[in-house]
1. Do the conditions hold for Lys626, that is, is it assigned by TED's automatic domain parsing to the domain that holds Leu234 and in a loop (DSSP other than H, G, I, E, B)?
2. Considering the stretch 705-735 alone, what residues qualify as being of a type outside the set (D, E, K, R), closer than 20 Å to Ile192 by Cβ and in a helix (DSSP H, G or I)?
3. Any residue at all in the stretch 320-343 that's on the phi > 0 side of the Ramachandran plot, surrounded by 13 or more Cβ atoms within 10 Å (Cβ to Cβ), assigned to a loop (DSSP other than H, G, I, E, B) and not assigned by TED's automatic domain parsing to the domain that holds Phe408?
4. Determine which member of the set Gly419, Gly446, Gly413, Gly453 is surrounded by fewer than 17 Cβ atoms within 10 Å (Cβ to Cβ), among the small types (Gly, Ala, Ser) and touching a strand residue (DSSP E or B) at 6+ places or on another chain (Cβ under 9 Å).
5. I want to confirm something. Restricting to the stretch 476-529 and keeping residues that are of a type in the set (Ser, Thr, Tyr) and not in a loop (DSSP other than H, G, I, E, B), which single residue is farthest from Ser581 (Cα to Cα)?
6. Look through Ser230, Ser266 and report the one residue that is surrounded by 14 or more Cβ atoms within 10 Å (Cβ to Cβ), under 30 Å from Leu498 (Cα atoms) and at pLDDT 90 or above.
7. I'm told Leu551 meets every condition in (1) surrounded by 15 or more Cβ atoms within 10 Å (Cβ to Cβ); (2) touching a Lys or Arg at 6+ places or on another chain (Cβ under 6 Å); (3) hydrophobic (A, V, I, L, M, F, W, C) except one. Can you identify the failing condition by its number?
8. Which condition number does Ala546 fail, the rest of (1) without any contact (Cβ under 8 Å) to a residue 60 or more places away in the chain; (2) loosely packed, with under 13 Cβ neighbours inside 10 Å; (3) small (Gly, Ala, Ser) being met?
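The values are calculated or read from the model by the stated rules, or taken from the named source; none is laboratory data. Owing to the predicted nature of the structure, the values given are computational and were not obtained by experimental measurement. Methodologically, a virtual Cβ is constructed for each residue, glycine included, from the backbone with ideal geometry; neighbour enumeration extends over all protein chains shown.
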Amino acid sequence: MALIGKIREKSTLLVIIIGIALFAFIMGDWEKITGGSKDETGYGTVYGEMLDYKEYEEASLKFQEQDKTQFAQQQREYTQKDQDASADKAWNYVVETTIFEKEYEALGIDVSEGEFDSYLYGRDGFTVMPELQQGFTDSLTGMFNAKLLEKRISEMESSDDVKVQKQWEDSKKYYTDKRKQEKYFALLGQGIYVTKLEAQEEYLAQKEIKSISYVVRRYSEISDDDIKISDADLKKYYEEHKNDKKYENKTASREVRYFDVVINPSRQDSMKFSKVMNELKQGFIASTNDSLYVLKNSDMKFYSSSKIATAVPEDHEKASKLQSFPKYLDTVFKTATVGQIVGPYESKGGVVISKVIGFTPTRLKSRHILLATNQSKDKKLIDQKQKMADSLVKLITKDNFAEFVTKFSEDKGSVPTGGLIDNFIEADMVPEFATFCATKPIGYIGTVKSDFGIHIIEVLERDATTFPLLASVQKTFKASQETIDRKDSEVYSLLYELESKMSKKTEVKAKVELFDTIAIKAGYEVQPLSILEDSPKLYGFTTTLAEDKILKLAFSDESLAGDLSTAPIKDKDRYIIAMVSSIREKGVPTFEDAEVLMKRDLIEERKAQRFTNQLLKDKSLPAMAKRANTQVMKGEVTFANPQITGAGYEAEVIGALYSGLKDGQKTLPLKGKIGVYVVRIDKTTKAPTAANYNVERDQLLGAIKGNLQGQILSALKKKAEVMDNRRFLKAGIRR
């Protein structure tokens with residue numbers, strides 16, 4: 001459990017800011033931040049202007065440091081994927097800051113020194129912010145102490161350490177920007193209102209109910225193959241509809257089609273691997289030096305005789321932090337004896353042979369009071385804390401333990417729960433603390449010293465079941481060089497076939513069809529990949545090198561639709577063969593880009609026309625249902641909730657029912673999302689008379705205000721035409 005590792009000092013503004021929003025940038029070694037080389041294309045643009053590359057690099061570094069600290073506290077590994085996520089946070093921060101600064105300048109929004117002080121200290125109508133309230137609390141009154149905050153700020157401003165001064169400058173900027181943003185959204189919020197007429201219309205839309213009967217002919221009743229569409233029909237449809245908003249390319253993009261050839265071990269590789277694992281197992285049984293044997297033979301060089309060697313079932317919540325084993329082996333390990341060999345078995349992508357070297361309880365529960373020494377080596381301080389603990393432990397009982405936690409514990413994270421630490425195992429805690437909880441009798445209260453200080457602990461619960469401590473030899477089952485060479489030959493032959501046959505085609509469509517046909521015939525599945533030009537993201541790849549090659553294939557200056565990768569792209573244990581299937585520019589689509597979508601819509605229109613003609617042959621709903629071999633359906637609808645029972649969301653169909661149709665009348669055939677409808681209004685239940693429409697007005701106003709910030713930010717980013725060029729720079733591509 002990470003609780004002990006989370007013990008922290010509250011006296012520094014630095015730690016407080018780290019614990020709050022993504023905009024908190026006061027962490028990191030500023031003297032080591034050197035920026036980076038400026039590229040002529042930059043990391044990206046906002047309003048057509050190059051983004052400040054130093055600001056982004058500094059922000060990226062700080063977010064990485066902040067997230068690393070958070071991951072360490074949670075005992076989670078900080079991976080390359082996590083580093084990329086940190087960089088994305090930094091990117092969004094810098095982009096949004098740039099956009100908002102322009103808004104503040106245009107509107108004259110600023111924060112004076114007097115306003116800033118009132119905002120920070122909770123004066124003149126402002127409320128103290130929660131993080132400051134918590135971080136600068138008077139130990140006697142439990143209330144916010146402005147003098148403590150003032151003292152800390154003064155210390156940071158007058159510090160001889162440039163880094164500390166910079167930390168305060170960034171903290172001040174964060175709170176200033178936060179206040180500016182509050183004023184900005186408050187200003188925009190003043191322009192939001194809902195009229196009485198709008199509220200009345202919302203009331204009627206919710207309360208007026210129409211009972212209906214209807215017949216629907218679903219598009220799925222006719223196979224797409226039964227609707228014949230000629231090239232001429234499709235091109236005519238394209239000319240008529242190419243400017244429709246639904247077909248518009250919202251941004252420029254490239255589409256890549258690819259398939260992967262996985263390098264799997266052969267049957268012969270499997271037989272050889274089984275022989276190796278059996279030999280290792282026999283060697284492990286005979287070994288008298290487990291540490292040396294593991295370090296010599298395992299692909300994962302890890303051995304520990306401490307509780308860090310704990311292993312848990314793969315579905316256990318701690319499986320990502322510790323060794324793990326398949327769930328079906330749980331009983332085997334629970335009944336095993338020290339020295340017993342288990343395996344081979346598969347775990348975390350490897351094949352494992354384990355030797356049981358000990359056991360640990362599956363769950364511990366205790367509560368504690370920490371008298372912190374903060375890893376100090378000062379013997380006088382440690383002795384002082386120990387003396388205090390020895391005095392307190394004589395007074396503490398199970399009944400008053402929580403009271404002493406509140407008064408004396410310096411682990412503020414556990415104070416609200418009375419010092420309780422539940423559902424942990426020995427591997428979660430520092431060794432001294434863990435051993436105490438695992439070995440002392442239930443109900444025992446005593447003291448133990450760790451690097452963090454002196455703990456007064458009461459042992460509450462301990463499960464009788466155990467997890468094993470394992471020494472493990474892990475090997476990776478992979479293809480032999482012979483198998484890899486054979487797969488190389490296969491992939492290059494396949495690429496040669498594609499290149500040879502596709503080179504004889506001139507139309508992109510024909511090349512795409514040929515690419516798909518050859519891949520499917522060879523037993524591979526073709527995947528489409530759409531990459532936006534203003535924010536390129538690639539998913540499904542293991543290595544950055546493979547992503548770079550895909551980007552270069554799609555976005556190099558010489559790239560054309562129909563281009564095939566000149567060589568197989570290696571992505572760890574697989575080869576990728578790819579082609580550029582489409583280059584889409586922003587705006588009106590080309591015929592090739594819109595062909596598939598337009599063909600689908602044209603087929604739907606033809607089906608709708610066929611159903612319309614059939615439905616018009618009969619005058620009554622029962623007759624229509626009989627001819628279609630279906631039934632008349634019934635339901636109730638409102639304008640506010642355009643759902644038709646037994647059909648689904650059909651806003652346009654419901655809208656037609658509220659366009660003046662009277663009870664007893666039926667519609668002409670109406671084209672909907674899933675089919676063609678004929679609807680009769682059986683009865684209209686009018687909305688009850690209302691004294692006012694305040695509820696509806698508040699609902700509408702709340703919905704608008706709730707979405708205000710997100711909608712405004714989205715609109716501002718769209719207006720700013722944000723261009724994210726980071727991934728292209730990393731791949732060595734220029735636009």
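1. Numbers: assigned by TED's automatic domain parsing to the domain that holds Leu234: yes; in a loop (DSSP other than H, G, I, E, B): no.
So Lys626 fails the test.
2. Applying the first criterion (of a type outside the set (D, E, K, R)) to the stretch 705-735 yields 706-716, 720, 722-723, 725, 728-729, 731-733.
Restricting the remaining residues to those that are closer than 20 Å to Ile192 by Cβ gives 706-716.
The answer is Gly706, Leu708, Gln709, Gly710, Gln711, Ile712, Leu713, Ser714, Ala715, Leu716.
3. The answer is no; no qualifying residue exists.
4. Working: Gly419 fails: surrounded by fewer than 17 Cβ atoms within 10 Å (Cβ to Cβ); Gly413 fails: touching a strand residue (DSSP E or B) at 6+ places or on another chain (Cβ under 9 Å); Gly453 fails: surrounded by fewer than 17 Cβ atoms within 10 Å (Cβ to Cβ).
On inspection, the qualifying residue turns out to be Gly446.
5. Going residue by residue through the stretch 476-529, those that are of a type in the set (Ser, Thr, Tyr) are 476, 480, 483, 489, 492-493, 496, 500, 503, 506, 517, 524.
Applying the additional criterion that residues be not in a loop (DSSP other than H, G, I, E, B) yields 483, 489, 492-493, 496, 500, 517.
Working: Thr483: 31, Ser489: 25, Tyr492: 21, Ser493: 21, Tyr496: 18, Ser500: 17, Thr517: 14 Å.
Selected residue: Thr483.
6. Details: Ser230 fails: surrounded by 14 or more Cβ atoms within 10 Å (Cβ to Cβ).
Going through Ser230, Ser266 in turn, just one is surrounded by 14 or more Cβ atoms within 10 Å (Cβ to Cβ), under 30 Å from Leu498 (Cα atoms) and at pLDDT 90 or above: Ser266.
7. The single condition Leu551 does not satisfy is (2).
8. Result: Ala546 passes all but (2).
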